[in-house]
1. What value, in deg cm²/dmol to 500, does the helix sum -39500 (n - 2.57) over DSSP H runs of n ≥ 4 give at 222 nm once divided by the residues of the chain?
2. In nm, what is the difference between 0.36 nm times the number of residues separating MET44 and TYR2 and their Cα-Cα distance?
3. For segment 2-49, compute the number of Lys pairs whose alpha carbons are separated by less than 14 Å, excluding pairs fewer than 8 positions apart on the same chain.
4. What does the chain give for Rg and for Dmax, in Å, if only its C-alpha atoms count?
5. Work out how much length PHE13 to ALA30 would gain on full extension: take 0.36 nm times their residue separation and subtract the Cα-Cα distance, in nm to one decimal.
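Just so you know, all these numbers are worked out from the coordinates, no wet-lab data involved. As the structure is a prediction and not an experimental result, all values here were calculated from the model.
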Amino acid sequence: MYKSLKTLIGKKFYKTAEIAQNKLDVFFAANRLTDEAYIELTAMVESTYGE
């Protein structure tokens, strides 16, 4: 899951940062992401989408 999300975020697959972050939140809540992966991907959303 981590690799897939990292690729999608890197390619700006999601239209907005909010949509991307919502996806991360759902997977984190379902225990599909570790704390470290969630923190890294959240930072990646912020840097990629400029928010």
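1. -22500 deg cm²/dmol
2. Once the chain is fully extended between MET44 and TYR2, it gains 13.9 nm.
3. The number of close lysine pairs in segment 2-49 is 5.
4. That works out to 9.6, 27 Å for Rg and Dmax.
5. 4.0 nm
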